[in-house]
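Novice: Following this message is one structure expressed as structure tokens.
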């Protein structure tokens, strides 16, 4: 398994693919932007001039200046520091959502594609059912059950949006199930489980990677939207959506409280979208999701 | 292969469909919009903007009342400007020596807004209806019997003296409804189309938008401090618009499309004060905003921890963040409460003025010290972490929460904030499923405390037999000075036990366009008295 | 497989999905935390006996499956129940809000299609030019921007600084412009990308080349031949887009305080007004299923090749 993945990655870094990737300037810009965000997230403790929850009512709602690059919010917290710490949360949340989505969607897709028949029908029915709900609306309903909180929002968003993974993996599985190497593996008596894991899964990786890159931005947009509505991150978490929600009362008095967090959401989503587009061209030109 | 013939027809069909649906809905909205703004008679029509649409209009079925109910109904008596009870619908009243009999005398020509006579018989029926239908039926539980002495005299016979009953009688909750009409049309219809005896009557209720009220030509009042005791000749119509967005409500006022705005957002007060065209009326809330403590839960069952929390909160800083729109508060009854006692508040402030040193000492005494140097105090290896429930839909509480968190962090108490709606926070505290919760109340009678700290009435976590006894006693004390003494005693005990941690008293604002003259905003609830009001042109 | 059979099959598949949706929805609302009766009584002056009485009156003391079948039989008859908070029929509440939501969505669809199709055609024609790369890049930026943030920025600039539109609330058609723009932003980017891709494909096809060769005017070739064919998938996307817009409308209507269905949903969630939440989510979901089915059917009518593909796999 690990060997196969590493082979895949080797293939990724294979000279020709990499060259192709280089030709996609946008992909490079996306990669650079993403690296910046990752850098900010990793080094927040060192770069941020203040702690994200340090309140100082005597210097509240100050406009951007040298001391406070992005100004201060209604509690006198440094918006710049909060935005930087926010990168950590946004990336972590995006990653987590995608992991949960893939964790649900990929096995179901494999099973549906591999066994076909009733299993396929059953799984497809569930996928159709989930597909029938508009994501934000169902996520809202789920968060209402689970209660507010970032973890709950991650779960809610993941639960409503794993269906594309199942569909993509199922389609890919169907397309290779009758290939020779699978038939050969069956012939030498490999178990179904090991065939799925060792032969099919690695082949479904490229579309999964592309899909993941393209679903991270929508995961970030959904979770920040839920935080914005007040169902997500709890104060004083420097979640960008929550910052927008808190800054909204002061949008005319202190627009900087809203402008910067939103800008960073955009930049992060943009970095993944640019990267994902490039990856799609490289890895799986026919994929039409996202 | 692309199929050309079908596709173009289909596209045309879809486009036509879109256009039809769009124009139909546009027309729908356009017409409903026209109805909403009405003809341009600004000088005869008063327009009030409030944040929330009432859930219903039958005062005996709703759980909260607002300006619409205030204009449709007329209480028997009301609280005058100096917190004394004055007549409104009733001409006069008598209370027996022991406080168990109340007799109201009505005017001979009192009528409901539909012209039905408002007699003693109807008042009896109305109160009886309240006792069966209202979520607050308990209010009249001590009223044993109602007797009709004659057409204009009604007698309430109580099981025991119940001065707290007056707190209900002076609000619209205690106002008579035309119970005969309710009986005829059914409760659901009456909730949509009520009949009261207030200065205005309902003409139209456009859901999600506004209500239109028209002058009640039968109106008659006995309020001593208004000049005009009949229908207001200058204001024919009152439109009450429901505008949930704070900034829109203010924008409408500044644009001159609304005369009066209730629920002025705290962040706009300063700017409105500087606006020469707008008058701000300030009333102090008759309740307090506070932290409710689950006194049964470790480690909050230790009073020293509660005291430490009380001492560690910097209320002045909260007032700064709330832009001066709250008064830092240390005791349990606000200045606009009937039994407010200044010395209790002074005592409380002396005991619990912001003092980090003292707070740390108390924690240490209780065994909470930071042994591992992580900034959080601990005891037997358990760090002191507490959850604070906050309300997304209460701006003052919501903004105070992260500050309180920062304050308590200074003495080594780690707070995790959980935001829910206020209603949900209340239901969690009712189930005892919380540690600390931000709460508020708004009621001018001290009897409200019985629903918060009495072991049975309120059924929250706190229970103290002495407090129970005093609260039960306080309900029945007729003499106000004596009654205040009882509640002062209650407050002193609460200050020792701290099941509630007071934070501040909210200043509530009503913003009014200066061309509205003669308006009275009556404390403590900020009721609008528009009897003598008129609106100047332009 | 005949077209009619295919359509019937698609429609029949919709029914169990909607049935599943009702079960999930009912269950979600059933396990929601918080006692609706407790939430209903917002004052302090309430006794436990009164709470019990109201619970019985609302039928909340029945077992869950009984409550479900009551509910199901009622919604089949078009009765979505009574709001716990306002005590009005849920269907009435929704009908009152629906026009605003429809107007918002139609304005936003109009905007996104006008912007998206136009820029899509331009970029397809000027493929590889500077304009193309600028517009294509901005389309990616467009769907990276959170709609609610874009809305706030529009509000700041056009309502506050320039005072061209109302800040929020509904005062007339001009109140819809800013919210519709915020909602249209991402979908216009998708429409543009799709139009561009389809145009490029169509422009490369034989009959267009023939048309060019025959010397037909440029405008005629573009409008009559190329655009007409390229727009088919774009139009079908309309159906798939609608439910997503509904989700977006919840956030945008809340932000701009429009009295639409989305805001009603948000407020009802806050107030834990179960019947209203149930009713709105049910209607939005049924609409989604209907739109998906319609989308499938329209595609099948327009392009028989897809029917087989979609019928079998993805």
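Novice: On a C-alpha basis, how far is the centre of the range C:77-114 from the centre of the range A:50-117 in Å? Whole number, if you could?
Specialist: Cα centres, the range C:77-114 to the range A:50-117: 33 Å.
Novice: Still on this structure, I have one more. Roughly how many Å is it from the Cα centre of the range B:235-300 to that of the range C:183-211, as a whole number?
Specialist: So the two Cα centres are separated by 52 Å.
Novice: Let me ask something else about it. Going highest first, how would you order C:229-239, A:56-66, A:218-228, C:199-209 by mean Cβ packing within 10 Å?
Specialist: Values: C:229-239: 21.2, A:56-66: 13.5, A:218-228: 27.6, C:199-209: 15.2.
Descending packing order for the listed peptides: A:218-228, C:229-239, C:199-209, A:56-66.
Novice: Which angle from 0 to 90°, rounded to the nearest 10, does the C-alpha axis of helix C:228-256 make with the longest principal axis of chain C?
Specialist: Once rounded, one gets 30 degrees.
Novice: Working from the pairwise distances between different alpha carbons, so that the mean of 1/r is found and then inverted, what is the range B:289-507's Kirkwood radius in Å?
Specialist: Hydrodynamic radius (Kirkwood, Cα only) of the range B:289-507 equals 17.6 Å.
Novice: Against the longest principal axis of chain C, how steep is helix C:274-302, in degrees 0 to 90 to the nearest 10, with axes from Cα atoms?
Specialist: 20 degrees
Novice: Against the globular-protein guess of 2.2 N^0.38 Å, express the Cα radius of gyration of the range C:91-268 as a ratio, rounded to two decimals.
Specialist: 1.19
Novice: Of all the C-alpha pairs in the range C:130-181, what % are more than 13 Å from each other?
Specialist: Working: 830 of 1326 pairs.
That fraction is 63 percent.
Novice: Residues of C:266-276, mean number of Cβ from any other protein chain within 10 Å of their own Cβ, rounded to a whole number?
Specialist: Numbers: counts 4, 4, 0, 8, 11, 5, 6, 1, 1, 0, 0.
Per residue, the number of nearby Cβ atoms from other chains is 4 on average.
Novice: Would you calculate the volume per residue, in Å³, of the smallest convex hull containing every Cα atom of chain C?
Specialist: For chain C, the hull spanned by Cα atoms encloses 176 Å³ per residue.
Novice: Right, something else. Roughly how many nanometres apart are two label points built 7 Å out from the Cα toward the Cβ at residue C:55 and residue B:95?
Specialist: 3.7 nm
Novice: Next question, about the same structure. Can you give me the distance in nm between label points at residue C:164 and residue A:183, each placed 7 Å from the Cα along the Cα-to-Cβ direction?
Specialist: For the pair residue C:164/residue A:183, the computed spacing is 6.5 nm.
Novice: Something else now. Per residue of B:243-250, how many C-beta atoms from partner chains lie within 10 Å of its own C-beta, taken as a mean? The partial results should precede the final answer.
Specialist: On the way: counts 5, 7, 10, 3, 11, 9, 3, 1.
That works out to 6 on average.
Novice: Let me know the mean shielding of A:138-145 by other chains, meaning the per-residue number of their Cβ atoms within 10 Å of its Cβ. Mind showing how you got there, number by number?
Specialist: Values: counts 8, 1, 8, 10, 1, 1, 12, 7.
Per residue, the average neighbour count from other chains is 6.
Novice: Going by average Cβ neighbours within 10 Å, how do the peptides A:77-83, B:216-222 rank, with the highest at the top? Before the final figure, lay out the partial values.
Specialist: On the way: A:77-83: 25.3, B:216-222: 19.6.
In decreasing order of mean packing, A:77-83, B:216-222 become A:77-83, B:216-222.
Novice: Highest mean first, how do A:194-204, B:143-153 rank when packing is the count of other Cβ atoms within 10 Å averaged over residues? Display every interim value, and only then the final one.
Specialist: Working: A:194-204: 17.9, B:143-153: 14.4.
Going by the mean number of other Cβ atoms within 10 Å, highest first, we get A:194-204, B:143-153.
Novice: Quick check: the angle from helix C:90-125's long axis to the longest principal axis of chain C, C-alpha only, nearest 10 degrees?
Specialist: 20 degrees
Novice: Would you please calculate the Kirkwood hydrodynamic radius of chain A over all C-alpha pairs and express it in Å, rounded to one decimal? Mind showing how you got there, number by number?
Specialist: Values: mean 1/r = 0.0482 Å⁻¹.
Across chain A, the inverse of the average 1/r is 20.8 Å.
Novice: Another question, then. Radius of gyration and Dmax for chain B's Cα atoms, expressed in Å?
Specialist: 26.7, 98
Novice: Counting other C-beta atoms within 10 Å, which of B:368, B:166, B:93 has the fewest, and how do the rest follow? Numbers along the way, then the final one.
Specialist: Details: B:368 25, B:166 20, B:93 16.
Fewest to most other Cβ atoms nearby, the residues stand as B:93, B:166, B:368.
Novice: On to the next question. Using Cα centres only, tell me the gap between the range C:233-296 and the range A:195-272 in whole Å.
Specialist: One Cα centre to the other: 21 Å.
Novice: Whole percent per 10 Å bin, from 0 to the bin with the longest distance: what is P(r) over all C-alpha pairs of the protein assembly as shown?
Specialist: That works out to 2, 9, 17, 21, 20, 15, 9, 5, 2, 1, 0, in percent per bin.
Here, each number is a calculation from the coordinates, and none is a lab measurement. This structure is a prediction, so every number in the text was calculated from the model and none was measured. Glycine also receives a Cβ, built like all others from the backbone with ideal geometry; neighbour counts cover every protein chain displayed.
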